[in-house]
Amino acid sequence: MNKTISMSIRVSEEELDKLKRAAIIENYASYSEFIRRTALKEADKIIKSNDIWIEKRR
């Protein structure tokens with residue numbers, strides 16, 4: 001079983017409202033789940049892009 005870790009971020013009220021609104025639009029159970037999944041998607045995209053860049057340099 002993977003160990004889970006709690007994280008916190010600071011956002012303005014305006015940013016929090018945007019995140020909550022996007023979570024509702026995308027039908028997520030909570031805005032924290034929206035943030036987690038969106039961050040993981042972005043991380044995957046960045047890692048894949050970096051891997052492609054490294055392969056091209058070889």
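Read-outs: derived from the displayed coordinates by stated rules, not from any lab. Keep in mind that this is a model prediction, so the values were computed, not measured. We place every Cβ from the backbone using ideal geometry, glycine too, and count neighbours over all the protein chains shown.
Would you mind classifying the chain by shape? Square roots of the alpha carbon gyration tensor eigenvalues, ordered a ≥ b ≥ c; an a/c under 1.5 is rounded, otherwise it is prolate if a/b is larger than b/c and oblate if not.
On the way: a/c = 2.42, a/b = 1.86, b/c = 1.30.
It comes out prolate by the Cα gyration axes.
Give the calculated FRET efficiency between residue 5 and residue 50 to the nearest 0.05, with a Förster radius of 22 Å applied to their Cβ-Cβ distance.
Values: r = 23 Å, r/R0 = 1.05.
The computed FRET efficiency comes out at 0.40.
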